[in-house]
Amino acid sequence: MVLTGVIARLPDGGYCARVYAIPTLVAFHQTLRSTRRQLREGVQGWIDSRREDGVPIPKKDRKPGRMPK
């Protein structure tokens, strides 16, 4: 599964990352590398949780659009 997201640099110098398919997942960190790692861990946790609960995992990513604030 390939997920589309966005990583933005914050005014304080840190980073914020979101994934279109999982609008409730947000990662914040001071370095880009750590933000990416945190995002990957969050996505893996989301997938594991859905599998454990028997909830289907979408085969396609959502179309990019406006990210929730």
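Straightening the chain between THR31 and ASP48 buys 3.5 nm, computed as 0.36 nm per residue apart minus the Cα-Cα spacing.
When peptides 49-56, 28-35, 12-19 are ranked by their average number of other Cβ atoms within 10 Å per residue, the highest-first order is 12-19, 28-35, 49-56. Mean sequence separation of contacting Cα pairs (under 8 Å, at least six apart), scaled by the length of the chain, corresponds to a relative contact order of 30 percent.
Taking 0.36 nm per residue of sequence separation and subtracting the Cα-Cα distance, how much length would be gained by fully extending the chain between ALA8 and GLU41, in nm to one decimal?
Details: separation 33, 0.36 × 33 = 11.88 nm, distance 1.81 nm.
Separation in residues times 0.36 nm, less the Cα-Cα distance, equals 10.1 nm.
Counting only alpha carbon atoms, the long axis of helix 32-53 and the longest principal axis of the chain meet at about 20°.
Per residue, the chain reaches -11000 deg cm²/dmol at 222 nm when only DSSP H runs of four or more residues are counted, each adding -39500 (n - 2.57). Applied to the stretch 18-24, the Karplus parametrisation 6.51 cos²θ - 1.76 cosθ + 1.60 on θ = phi - 60° returns per-residue 3J(HN,Hα) values of 9, 10, 4, 6, 10, x, 7 Hz, with x for Gly and Pro. Set against the labelled values (i) 12.6, 40; (ii) 16.7, 51; (iii) 16.0, 44, Rg and Dmax of the Cα atoms in Å computed from this structure falls on (i).
Read-outs: derived from the displayed coordinates by stated rules, not from any lab. No experiment lies behind these values; they were computed from the predicted model shown. A quick note on method: Cβ atoms are made from the backbone with ideal geometry, for glycine too, and the neighbour counts reach across all protein chains shown.
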